[in-house]
Amino acid sequence: MNTVTIPKRITQGEELVVIPRKEYEEYLQLRKIIPVVKMTSAQKRDLEQARKDYKQGKYMTLEQLEHELGIARKR
C-alpha cells in the first residue's frame, strides 16, 4: 500500500495520511465486518504486565504447555 504522510507543520499540528481510495474503501468494509473493540483498563493493565513478563523470560512455550497438559502433538 502506498502512503503519503503530510507533515504536521502543514496540517496545523495533526499528521495526515493519504492512501488510495480503493484501499480506504476496503478498510471501511473491513470495519463493518470486524468491529473495533476498545480494551478495558483491566485489559490494558494485563497486557502491559504480560509484555513485561515476556521481556523477562517469564513465559511457557507451546511444547512446555503440551508437556504439562500431557498432550501428544501430531508432527
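Does residue 23 qualify as being among the charged types (D, E, K, R) and in contact (Cβ under 8 Å) with a residue 12 or more places away in the chain?
When the stated conditions are applied, residue 23 passes them.
Among the listed residues 33, 10, which satisfies the condition of being of a type in the set (Val, Ile, Thr) and more than 20 Å from the chain's Cα centre (by Cα)?
Of the residues listed, the single one that is of a type in the set (Val, Ile, Thr) and more than 20 Å from the chain's Cα centre (by Cα) is 10.
Inspect all residues belonging to the range 3-15 and state whether any of them is in contact with a Pro (Cβ under 9 Å, 6 or more places away or on another chain) and free of Cβ contacts under 8 Å to residues at least 12 places away in the same chain.
Checked the range 3-15: at least one residue is in contact with a Pro (Cβ under 9 Å, 6 or more places away or on another chain) and free of Cβ contacts under 8 Å to residues at least 12 places away in the same chain.
If you take the residues in the range 16-73 that are β-branched (Val, Ile, Thr), out of contact with any strand residue (DSSP E or B) (no Cβ under 9 Å at 6 or more places or on another chain) and under 30 Å from residue 4 (Cα atoms), which one is modelled with the lowest pLDDT?
Checking each candidate, the answer is 36.
The values are calculated or read from the model by the stated rules, or taken from the named source; none is laboratory data. These numbers come from a predicted model, not from an experiment. Virtual Cβ from ideal backbone geometry, glycine too; neighbours counted across all protein chains shown.
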